[in-house]
1. When Lys and Arg each count +1 and Asp and Glu each count -1, what net charge do the other residues less than 9 Å away from THR47, Cβ to Cβ, add up to?
2. Size of the dipole of the stretch 33-183 about the Cα centre, Lys and Arg at +1 and Asp and Glu at -1 on the beta carbon, nothing else charged, in debye to 20?
3. With springs only between Cα atoms under 10 Å, which of LEU269, LEU219, LEU237 fluctuates most in a Gaussian network model of the chain?
4. Which of the peptides 195-206, 74-85, 253-264 is most tightly packed, and how do the rest follow, judged by the mean count of other Cβ atoms within 10 Å per residue?
5. Extending each Cα 7 Å along its Cβ direction at GLN150 and ASP186, get the distance between those two points in nm, one decimal.
6. With +1 on the Cβ of every Lys and Arg and -1 on the Cβ of every Asp and Glu, and nothing else charged, how large is the dipole of the chain about its Cα centre, in debye rounded to the nearest 20?
7. Compute from the Cα atoms of the stretch 105-235 the Rg and the Dmax, the latter being the longest Cα-Cα distance, and quote both in angstrom.
8. Please report, in debye to the nearest 20, how large the charge dipole of the stretch 150-296 is about its Cα centre when each Lys and Arg carries +1 at its beta carbon and each Asp and Glu carries -1 there.
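Read-outs: derived from the displayed coordinates by stated rules, not from any lab. Fair warning: this is a prediction, and the values are worked out from it, not measured in the lab. Methodologically, a virtual Cβ is constructed for each residue, glycine included, from the backbone with ideal geometry; neighbour enumeration extends over all protein chains shown.
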Amino acid sequence: MNGPARLWLFCLSLQALCSPGISDEWEADVVHKLKAMTESCVVIPCTFNYPGMKKSSGQLRGIWSKKNDVKKIIYDEDQSKVDNAYKGRTKLVGDLAEKNCSLEIDDVKSHDNDEFCFRIEIPETDQYSFKDNCVMISTFEDPKIPKLNQHHQDPVEGSPFTVTCSVIHTCPSHVPSLTWSRGTQDKIIAEHKDMGHGNWETQSILTFIPTVGDDHAELTCTVTYRGRGPLKGAIKLNVKTKLGMLYTIIIPVAAVLGTAVVFGLLCMLMRKKYKNRIEALQRSASNGQVQQNDWG
Ligand SMILES: *[C@@H]1O[C@H](CO)[C@@H](O)[C@H](O)[C@H]1NC(C)=O
């Protein structure tokens, strides 16, 4: 290797090491498939990259359009460029300066069943359509009822009992609300988790102290999604009372004791009976011997 080539290689590796802000590829990472409920909202996770130095959001222009008809723009800063069917329904929730192109589609319509792609423009410089990384939105009509899960087996009178109510959704900008039939006097913890691939889980964890009055009662959790609801999920409580618990201990113990007593008595009777028999046999045996001796 000659001198200049070595120097060039050195400079190249130095550049790679010292300027992580510089990238040299047009890239996009978009969730490929998402199921979205009509009337609700969906946020499509999307990140992208472009060659050269990092730019501010003012220097970048993000556009979303239909894959099969790029003229049908579903998002542009300039609302006049947006297709009528999408006007006012789309919002870029990602920060372009942070290379985040996440898009929210609100009030999802059944005709949103389509494929959408992101395009970045660096005005007067460059532009790129990420046609190989698009999202396929499939819409569904029926909202899912909340799922209820009890943490332990059955509730016990007087002991804290925990139930979780959860729903999966695609609308982190308007998290579904979850409410309980028991009101708010109990301990309630709300949780919101990113499940990845554009899906989110919202949970409400209820802890309460069951009373006898809760036995056979229905515990319901009601969800209100963005644009949809309310919708109920329920479980039936089967509260074990303290008295009931006592019986569940007393009855088997009594049964075991009872059996033992009966069995013991039976053994004694049998022994007595056979003792008499054995004695009778022994007696007759020794008599027989005597008789044999008589014959001999
Ligand atoms: C992109 O922006 C969305 C919406 O603000 C956010 O939820 C997501 O975490 C961001 N993604 C990354 C990789 O930062």
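1. The answer is -2.
2. 220 debye
3. So, out of LEU269, LEU219, LEU237, the one fluctuating most is LEU269.
4. Sorting 195-206, 74-85, 253-264 by mean packing, highest first, produces 195-206, 74-85, 253-264.
5. Placing both labels 7 Å along Cα→Cβ, they lie 1.1 nm apart.
6. That gives a dipole near 1680 debye.
7. 20.4, 74
8. 600 debye
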